[in-house]
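What follows is a short report on a single structure.
The values are calculated or read from the model by the stated rules, or taken from the named source; none is laboratory data. Keep in mind that what you see is a predicted model, and the values were worked out from it rather than measured. Don't worry about glycine lacking a Cβ; one is built from the backbone with ideal geometry, like all the others, and counts go over all protein chains shown. Accessible surface areas use protein heavy atoms only, side chains included; no ligands, DNA or RNA. Shrake-Rupley method; radii C 1.70, N 1.55, O 1.52, S 1.80 Å.
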Amino acid sequence: MNHIKDNLDKIKAQINLACQQKILLTADSPLNNNKSLATSNDNATVKLLAVSKTKPSTDIKQAYLWGQRDFGENYLQEALEKITELSNLSDICWHFIGPIQSNKTKQIAQNFSWVHSVDREKIALRLNQHLSDEGSNIANDSEKKLNVCIQININNEQSKSGLNEAELFSLADIIHQCDRLTLRGIMAIPEKNAQVETYQKMQNMYLSLKAKYATVDTLSLGMSDDLSIAIAHGSTMVRIGSAIFGVRAKTVQ
């Protein structure tokens, strides 16, 4: 299992390198009049989300023992089994990052801390309502809120979920008004070999959203193949799976 530790170390090194390169670019930019703004602390703002879909609880526990706390799951039933099996790890943080069906919003709302894939009003309202449902184990916990990212279909691919840029702020307003949801930012899965303009557009959307809502602090962007360019364009959270746990088994759910 030491390969998981080794892989985590490699990914963290890549993140740190990308952050340092971003700092140098920022410092050298003619638009930066305050060179002191580019500090080595910038790498602390990029969080590693370990995507553990199709991987067993034993692998997740190994990553946890080596310091990883945030884990992303795509498939609800598989995730619920792992959440139960690892319930003794009190500070583990579960992120739901897959497409959301309406009939699964209750279990997602009540078992995850983050949802990265909200892309329509109906889903946001259902997630909010389920946190207040009578009889739920968290209905009386007014402090329990679900951290939400809006998924953007940045390259308008038919095969991917997410809304377009023009719809962002209308959904953001709805989420902002939900008393049990906290709007944290946006997420996207760019097309393979996406051009730099894709990342610039995501960065601009994120900064616009951040300027309007005080709770926004997350740009969930970048995976193994595009980690560096995502961080260069402001990503605060990268989602890495097979580079940590190895090649995934094919799962149909």
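I'd like to verify a number: residues in the range 60-95 that are at negative phi and assigned to a loop (DSSP other than H, G, I, E, B), how many? Qualifying residue count, the range 60-95: 12. Scanning the range 151-192 for residues that are small (Gly, Ala, Ser) and surrounded by 15 or more Cβ atoms within 10 Å (Cβ to Cβ), we see that the one that is farthest from GLY98 (Cα to Cα) is ALA172. Note on the range 207-249: residues that are under 16 Å from VAL46 (Cα atoms) and of a type in the set (S, T, N, Q) total 6. The residues of the range 186-226 that are of a type in the set (S, T, N, Q), in contact with an Asp or Glu (Cβ under 9 Å, 6 or more places away or on another chain) and touching a residue at least 12 places away in the same chain (Cβ under 8 Å) amount to a single one, THR198. Among residues of the range 1-21 that are open to solvent by 70 Å² or more (accessible area, probe 1.4 Å), those with a beta-carbon under 8 Å from a residue that is not in a helix (DSSP H, G or I) at least six positions away or on a different chain give the pairs HIS3/GLY246; LYS12/LEU48. All of (1) buried (at least 22 other Cβ atoms within 10 Å of the Cβ); (2) within 23 Å of PHE96 (Cβ to Cβ); (3) touching a helix residue (DSSP H, G or I) at 6+ places or on another chain (Cβ under 6 Å) hold for THR236 with one exception: (1). Would the range 193-208 turn up any residue that is modelled with pLDDT under 95 and surrounded by fewer than 23 Cβ atoms within 10 Å (Cβ to Cβ)? Yes: the range 193-208 contains one or more residues that are modelled with pLDDT under 95 and surrounded by fewer than 23 Cβ atoms within 10 Å (Cβ to Cβ). Regarding the range 123-144, can at least one residue be identified that is at pLDDT 95 or above, part of a loop (DSSP other than H, G, I, E, B) and among the charged types (D, E, K, R)? Checking the range 123-144: not a single residue is at pLDDT 95 or above, part of a loop (DSSP other than H, G, I, E, B) and among the charged types (D, E, K, R).
In the range 100-121, the qualifying residues are those that are assigned to a loop (DSSP other than H, G, I, E, B) and under 13 Å from the mean Cα position of the chain (by Cα), and the one that is surrounded by the most Cβ atoms within 10 Å (Cβ to Cβ) is PHE112. Within the option set SER224, SER220, being surrounded by fewer than 16 Cβ atoms within 10 Å (Cβ to Cβ) and hydroxyl-bearing (Ser, Thr, Tyr) holds for one residue only, SER224.
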